[in-house]
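See below for the structure under consideration.
Each reported figure results from applying straightforward, stated rules to the coordinates on display, with no laboratory input. Because the structure is predicted, anything quoted here is derived from the model rather than measured. Note: ideal-geometry Cβ built from the backbone for every residue, glycine included; neighbour counts use all protein chains shown.
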Amino acid sequence: MSNNNSSGNSNKINVPEARAAMEQFKFEVANEIGVPLKKGYNGDLTSAQNGYVGGYMVKKMIERQEKMMAENNQG
């Protein structure tokens with residue numbers, strides 16, 4: 001499979017201006033769930049730990065969006 005990202009990371013940020021905020025969010029989530037994520041190399045983490053961080057990020061993003069939608073519907 002071809003990867004056009006020279007860093008080897010296939011995750012694509014759809015809104016490049018959000019890159020820093022997404023990185024910060026990732027570290028906040030990892031800290032919240034007890035995954036010892038650090039800047040740089042994290043090859044010592046298991047795929048389950050990494051998956052848990054990503055899955056929890058998605059869960060929290062959906063919750064935030066649902067709250068925003070509910071607030072917009074009330075007004």
> Can you pull the semi-axes for the range 6-75, root of five times each eigenvalue of the Cα gyration tensor, sorted largest first, whole Å?
Replying inline: 26, 16, 10
> Once phi is turned into θ = phi - 60°, what whole-Hz ³J(HN,Hα) does the Karplus curve with 6.51, -1.76 and 1.60 give for every residue of the range 22-36, x standing for Gly and Pro?
Replying inline: 5, 4, 4, 4, 4, 5, 5, 5, 4, 5, 4, 9, x, 8, x
> For residue 15 and residue 63, what is the calculated FRET efficiency with R₀ set at 22 Å and r taken between the beta-carbons, to the nearest 0.05?
Replying inline: 0.70
